[in-house]
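*Asks:* If you scroll down you'll find the structure; I have some questions about it.
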Amino acid sequence: MKNIAIPSKNQWNIKKISEVAFYQEGPGVRAHQYRTRGVKLLNVANLQKGKLDLSKSERYISEEEAYGKYNHFLVDEGDFIIACSGIKVEYFEKKMGFVREEHLPLCMNTSTMRFKVLDEKELDIKYLAYYMKTDYFKKQIKKLITGSAQLNFGPTHIKKVDLILPPLQTQKKIVAALDKAQEIIDARKKQIELLDELIKSVFYDMFGDPVSNPMGWEVSKLEKCAPVKQNKKKNVQGEVWLLNLNEIEKNTGEIIEYREIDVEDIGDSTIEFNTNNVLYSKLRPYLNKVVIPKRSGFATSEILPLEPTKTILQKDYFVSMLRSKEFVEYISTKVSGAKMPRVVMTELKGFCVPIPPIKLQNQFTQETGKIELQKQIMKQSLTEMEDNFNSIIQKAFKGELF
C-alpha cells in the first residue's frame, strides 16, 4: 500500500527508498573511544545549513578502530548524509549534506545516516536529497514517529518511506532547476558574509589588534570592565528560551535555532541571561561563539554571561574584540582539557581589554549599524528567496515544473 498519491499530471512511479538506495545508520561510538587525532567522527553538529562542516567538532577514533571494527562505517565521497535524531521538523533540511573529498577519511557516528544510489540509471542522488526536503517525505516520517515534535528515526522507518520516482532525465531536470535556485540563494549568503568582513575591517581600522594594542589604548582587566554576571533567577513560568552551544553559529554569533522549553524542565547546570549581557562560550574557544542576545533566556553553563560596564565599554565594540582573530588565537592557548578544551577563567578574567574613548566606540556602533541594516535587508531578501525555493521544490515534485 502506497503512503502517498502519485502526482496527477504525470505517470511517475512510486517506490520504496529501500528499493533504489542503500542506507546505513552510524554506530554508537562511546566517549571512552574518543581520541584527539586519528579518523574524524561525524556527528549531528557537523550538519549545518545543508552542508557538512567538520569544524563543528573535534572528535576522532583511532585509525586501528576506524579501519578495523568500524571499516564499514567509513563514508565515501558523494555519500548523502542526514541527521536522524533530535531534529525539529522545520530544521530538517538544514541537517543534511554531501561528503566531499576533503572531508575524508571520515567515520559515521550515532544519530546520522548515509545514503548511496543502488543503480545510477534509476536514481540521481541529488534528486533523493531534494526529495527529503519536501512535504511528501516529512509527512511520511512524522506519521511514522507520531507523538514527537522532533524527528527521531532510523533504517526501520526509512524502509517504509515512499519515493516519487520520475524518469531519470526528469530527475536531472528537477535537480538542475533546483541547483540554479540554490546558487542564487548561496550568492546572497555570500553577500551577507562580505558585510561581516566589512565590519571586521572597520574594527581594525579604528582600533587595531586588540591583543598587541598598537594604538596604545588604556586597558582594563576583563573581570573589571565586563564581569561574569550571575543573574538572579526570576519567578518565570511557562516556556522559556534555552540556548545550547550547537545552536550558535561560529564566528557570526547568529542563532541557528531558538528552542523553547518549559521552565520546569531546565536543569540546574544552566545560567540565566538578559539583553545587558554578552554571551561568551568558554568551551572550545576556537569556534568563536559570541552572542548579543536580543531577549532574555537561559543557557548551558558552558556559556558565560558577561556584562560590559556601559560607561566605558560599548557592547558592539566588545563583541568585535572578542571575535577578532587575534583574541581568538590568544585565548585558544589559554585552555585546560585536551578532549574538551575550556578557557581557564583566570586567564579570561585577567585579559587586558583595550578601552578606546567611549565616543569612538559609539562611532563604531553607528558605522557598523549602517552595515547591520544592510545585512538585515539582505537577510529579509534571503528569507523570501528561501520561501520561494520551498514553493518551487514542492511544485517540482508535484510534476508542475516538467
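No value in this document is a laboratory result; all are computed from the given coordinates. Values in this document were obtained by computation on a predicted structure and should not be read as measured data. We place every Cβ from the backbone using ideal geometry, glycine too, and count neighbours over all the protein chains shown.
*Asks:* Taking the simple approach of a point 7 Å from Cα along Cα-to-Cβ for both ASP387 and ALA187, what is their distance in nm?
*Replies:* Here the answer is 2.2 nm between the modelled labels.
*Asks:* Give, in nm to one decimal, the length gained when the segment between GLU372 and ILE256 is fully stretched (0.36 nm per residue of separation minus the Cα-Cα distance).
*Replies:* Details: separation 116, 0.36 × 116 = 41.76 nm, distance 1.78 nm.
The GLU372-ILE256 span can extend by a further 40.0 nm.
*Asks:* How far is it, in nm, from the label point at CYS352 to the one at ASP209 when both lie 7 Å from their Cα along the line to the Cβ?
*Replies:* A separation of 1.5 nm, rounded to one decimal place.
*Asks:* Full extension from GLU326 to GLU77: what is 0.36 nm times the residue separation minus their Cα-Cα distance, to one decimal in nm?
*Replies:* Value of the extension gain: 86.2 nm.
*Asks:* So how do LYS289, LYS370 line up by other beta-carbon neighbours within 10 Å, fewest first?
*Replies:* Numbers: LYS289 25, LYS370 10.
Least crowded to most crowded, the residues run LYS370, LYS289.
*Asks:* Which order do HIS72, HIS32, HIS157 fall in if you start with the one that has the fewest other Cβ atoms within 10 Å?
*Replies:* On the way: HIS72 8, HIS32 5, HIS157 16.
Listing HIS72, HIS32, HIS157 from fewest to most nearby Cβ atoms yields HIS32, HIS72, HIS157.
*Asks:* What's the Kirkwood radius of the range 218-355 in Å, using all Cα pairs? All intermediate terms of the calculation are to be shown ahead of the outcome.
*Replies:* Numbers: mean 1/r = 0.0652 Å⁻¹.
About 15.3 Å for the range 218-355.
*Asks:* Which links in LYS121/LYS180; LYS15/LYS95; LYS49/LYS138; LYS40/LYS189; LYS15/LYS133 stretch past 26 Å when you go from one Cα to the other? Working shown, then result.
*Replies:* Values: LYS121/LYS180 23 Å; LYS15/LYS95 24 Å; LYS49/LYS138 17 Å; LYS40/LYS189 28 Å; LYS15/LYS133 17 Å.
The pairs that break the limit, which is 26 Å between Cα atoms, are LYS40/LYS189.
*Asks:* Over all directions, average the projected area of the Cα convex hull of the chain and note it in nm². Each step should come with its number before you reach the end.
*Replies:* Details: hull surface 87.5 nm².
Over every viewing direction, the Cα hull of the chain projects on average to 21.9 nm².
*Asks:* Now for a different question. Set the Förster distance to 30 Å, then compute FRET efficiency between ASP179 and LEU144 from the Cβ-Cβ distance, nearest 0.05.
*Replies:* Details: r = 29 Å, r/R0 = 0.98.
The calculated FRET efficiency here is 0.55.
*Asks:* With no solvent and one point on each alpha carbon, what is the Debye value of log10 I(q)/I(0) for the range 11-136 at q = 0.09, 0.10, 0.15 Å⁻¹?
*Replies:* Scattering profile of the range 11-136, log10 relative to I(0): -0.26, -0.32, -0.69.
*Asks:* Taking the Cα centre of the chain as origin, sum charge times position over the Cβ atoms of Lys and Arg (+1) and Asp and Glu (-1), and report the length of that vector in debye to the nearest 20.
*Replies:* On the way: 62 positive and 53 negative charges, 122 e Å.
The calculated dipole for the chain is roughly 580 debye.
*Asks:* Got a sec? How would THR311, THR275 order by Cβ neighbour count within 10 Å, fewest to most? Walk me through the numbers on the way to the answer.
*Replies:* On the way: THR311 8, THR275 11.
Listing THR311, THR275 from fewest to most nearby Cβ atoms yields THR311, THR275.
*Asks:* From largest to smallest, what semi-axes in whole angstrom does the range 281-378 give when each is the square root of 5 times an eigenvalue of its alpha carbon gyration tensor? The partial results should precede the final answer.
*Replies:* Details: eigenvalues 129, 55, 36 Å².
Semi-axes, largest first: 25, 17, 13 Å.
*Asks:* Another one. Given a Förster distance of 45 angstrom, what is the FRET efficiency for GLN169 paired with ARG30, based on the Cβ-Cβ distance and rounded to 0.05?
*Replies:* Working: r = 46 Å, r/R0 = 1.03.
For R0 = 45 Å, the calculated efficiency reads 0.45.
*Asks:* From the phi angles alone, apply the Karplus equation (6.51, -1.76, 1.60; θ = phi - 60°) to the range 368-374 and give each ³J(HN,Hα) in whole Hz, x where the residue is Gly or Pro.
*Replies:* Computed from phi, the couplings for the range 368-374 are 6, x, 5, 5, 4, 5, 4 Hz.
*Asks:* Label point 7 Å out from ASP265 along Cα-to-Cβ: which residues of the range 289-328 have amide N under 16 Å?
*Replies:* 298-300
*Asks:* Let me ask you something else. Take every DSSP beta bridge whose two residues both sit in the range 218-355, then give the antiparallel share in percent to the nearest 5. Intermediate results must be reported in sequence, preceding the final value.
*Replies:* Working: 22 of 24 bridges.
Counting only bridges with both partners in the range 218-355, antiparallel ones make up about 90 percent.
*Asks:* Stretch ASN244-HIS157 to full length: gain in nm at 0.36 nm per residue minus the Cα-Cα span? Please list the in-between numbers first.
*Replies:* Values: separation 87, 0.36 × 87 = 31.32 nm, distance 2.83 nm.
Full extension of this stretch gives 28.5 nm more.
*Asks:* Tally Lys and Arg at +1 and Asp and Glu at -1 over the other residues with C-beta under 12 Å from the C-beta of VAL290: what net charge comes out? Can you show the working numbers first?
*Replies:* Numbers: positive: LYS250, LYS282, LYS289, LYS315, ARG323; negative: GLU249, GLU254, ASP316.
Summing Lys and Arg as +1 and Asp and Glu as -1 gives +2.
*Asks:* In nm, to one decimal, how far is the modelled label at VAL219 from the one at LYS16, with both set 7 Å along Cα→Cβ?
*Replies:* 6.7 nm
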